[in-house]
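The values are calculated or read from the model by the stated rules, or taken from the named source; none is laboratory data. Model, not experiment: these values are computed from the prediction. No Cβ is skipped: glycine too gets one built from the backbone with ideal geometry, and neighbour counts run over all protein chains shown. To get the accessible areas, we keep the full protein, side chains included, count just its heavy atoms, and leave off ligands, DNA and RNA. Shrake-Rupley method; radii C 1.70, N 1.55, O 1.52, S 1.80 Å.
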Amino acid sequence: MRCCYGKRIVLAGAALLTAVLPFWAPEACAQALREGLQLCGGPLLLSLFPFLIVSTLLVRTGAGDLLGVLLRPLARLSGAKAPCSGGILLMGFAGGFAPAANAASQAVRSSKLSPGEAAALLPACICSGPSFVILTVGQGMLGSTGVGVRLFAAQAIAGILSAAVLCRMFRPSESGDRPRPDPSKALPPLRLDTVIADAAVTYCKLCGFILYFRLLAGGLGAVASGLRLPAAMILEVCSGCDLASQAGRWASWLCCAAISLQGLSVLLQVRTICPPEISFRPLLISRLLHLPLSLGLFRLLLCLPGGTVTAGAGLDQAPVVLRRVPPDCAVLILLGCCLLVCHLSRSLPGPEQ
């Protein structure tokens, strides 16, 4: 009862804040909404919408099991032993949090993955995609593709380590046995038109979260300038990185923290995509581990050649949409993942049945 009462107070406060901010800071709120629409109609459209379709097709056709076979050892470290778990990790590393959450959701609905396994896997695959971290944050905001590669590697490795630690601390009891397919809950036949329509609806929902939390971040920043950066980092990862990149010598570190936190917008988007039976507790707890791990790993990665941070400027008003990761970035990410798999597979035992 107390929990329900507290939730009502929080929601009522959010309603009051949402109603007041457009009158208190109309120009800032309008600008935040325009930037959100520009993001949803530009870089985000390219990096998210196609992968929502891809993730559904890969899981439903079984092709993701083959493509993600090299990542199965990492999935086992997280407590997920299903053949499709490697493909879900692949979607997270290639497309970001939304395709990964969508792939996990589709796997649970088709009984290829248990809700416990999906909950244990989310901390490892809920991350920002390489197109955003390497190209938008690294190259576009910080002025260094090499720093973007290190930011992406730090968050990916920190996610895997966080999931491995949580798996050994909590060991979800339901992660061992996957439910048998229930004919009464069988998914409809796979059709391309249905997949595209579902992806379009999901993308519109995600854009709604981005617009709302950009509105809050922009309004709070205009009301209290000291809250501008913290509010953006906590509420919405894109605007958080945008403001963090303008923080001078601490720009790359603050961007790393914003990417690690992911923001309330991303967490609620994942909650919306995933069915209720997938527990959200491991993902929330993992954020507490992910932040110090990602900052420490980023510090180590900066010691590698080419790790000098260029004094970055803010994101340009009309950013150029880059359509592919440079080959050197892709090779570095692949080598890092392979080395991590070998090291962790030898040093850490797999989770108990």
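Neighbours of Ile88 by Cβ distance under 11 Å: Lys/Arg scored +1, Asp/Glu scored -1, total 0. Expressed per residue, the C-alpha convex hull volume of region 1-46 stands at 80 Å³. Normalised per residue, the accessible area of region 219-291 is 40 Å², obtained with a 1.4 Å probe and no contribution from ligands, DNA or RNA. Across all directions, the average flat footprint of the convex hull enclosing the Cα atoms of region 190-311 is 10.2 nm².
Among Cys303, Cys274, the order of accessible area from largest down is Cys303, Cys274, computed with a 1.4 Å probe on protein heavy atoms. Overall, the accessible surface of region 19-65 at a probe of 1.4 angstrom is composed of carbon and sulfur to the extent of 73 percent. The stretch between Cys4 and Lys205 holds 69.9 nm of extra length on full extension. This uses 0.36 nm per residue minus the Cα-Cα distance. Within region 227-288, the percentage of alpha carbon pairs spaced more than 13 angstrom apart rounds to 61%. In this structure region 22-87 gives 47 Å² per residue of accessible area when probed at 1.4 Å with all protein chains present.
The spacing between region 218-269 and region 93-124, judged by their C-alpha centroids, is 26 Å. Principal axis analysis of the Cα atoms in region 193-245 yields extents of 47, 20, 12 Å, listed in decreasing size.
Of the whole protein surface, Glu117 contributes about 0 Å² of accessible area at a 1.4 Å probe radius.
Distance between the pseudo-spin-label points of Leu46 and Met169 (7 Å out from Cα toward the beta carbon): 3.9 nm.
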